[in-house]
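What follows is calculated from the coordinates using simple rules that are stated; it is not laboratory data. From a predicted model like this one, the values you see are computed outputs, not experimental measurements. Cβ atoms come from the backbone with ideal geometry, glycine included; neighbour counts cover every protein chain shown.
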Amino acid sequence: MEPGVWRINTGRVLRRNGADALELSLAEVEGREQTVALLDFFRDNLPGFEQVELRDTATQIGVRETRRIDGAYELTLQDLHSGRAFEDVVALCGYPLDIHDPTGSGGGTGGEGLDAANIYQIPYRVMLPRVHEGLLVSGRAVSATHEALSAIRVMPPCFALGQAAGVAAALSVGNRASPRHVDYADLRRELLAQGAYLG
C-alpha cells in the first residue's frame, strides 16, 4: 500500500519444535538467514530490485502449532467441513484450512475432503480444559485437531476467542464459579453487547 515498498511472506522454517527454547532459537536464526538469502536472490535475479533494501521483518518467528489442551470438546475437521452449529458458539469464522505438515513434506489450503464450510463456528468448550478447574485457554492452544487448528489459529479467530475468554473470566469471577459453570446465555448476551457476531 506504500509506493516503493514490497511485502512478502515466503520464508518457511521446518522441523523445529516451537515449544523448545533451543529449537525456537535455531528457528529464529534460520528464518533470518532465509531473509538474507531472499534479498540476495532479489538483487541478482529481479529487474528493478538491484538496490533493494530490507525495511523490517517480524519481531519473532511465527509458530503455527505447538501444544494444545485436552478440552471439554475437541474441534475437528468434520465440524469445520460441515459448518456444524454449536449451542455454545463464541466465534464465527470463515478462514480456509491452511495445513502445513510439520515434517516439511507439503502444505497448503484445502484439497479433496480437506475444506471448511464458508462459515463455521467455534464452541466455548474448546477453551475449557477437560480436567483442570479455574482455567480458560485461548488462541492456538485450544482443543482442536491438527486439521481444524490450521483454520482457527490465525488472528481473527484468536481475537474472537480471546474476547470470549475475557468475558467468561469476568463472569466467572463475578459469579464466584469456575469458568466451566459460566451460564452460556450470560456469555452470549455480553459478547453480543460488545459487538461480537455469532451468526
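In Å, the Kirkwood hydrodynamic radius of the stretch 108-199 over pairs of distinct alpha carbons? Kirkwood radius, the stretch 108-199: 14.2 Å.
Spacing of the modelled spin labels on residue 118 and residue 45, each 7 Å from Cα toward Cβ, amounts to 3.9 nm. With the convex hull constructed from alpha-carbon coordinates only, the chain shows a mean projected area of 14.1 nm² over all directions. Taking the C-alpha atoms only, the angle from helix 21-45 to the longest principal axis of the chain is near 40 degrees. Modelled spin-label separation between residue 15 and residue 66, with each label point placed 7 Å from Cα along the Cα-to-Cβ direction: 2.1 nm. Helix 155-175 and the long axis of the chain differ in direction by around 30°, with both axes built from C-alpha atoms.
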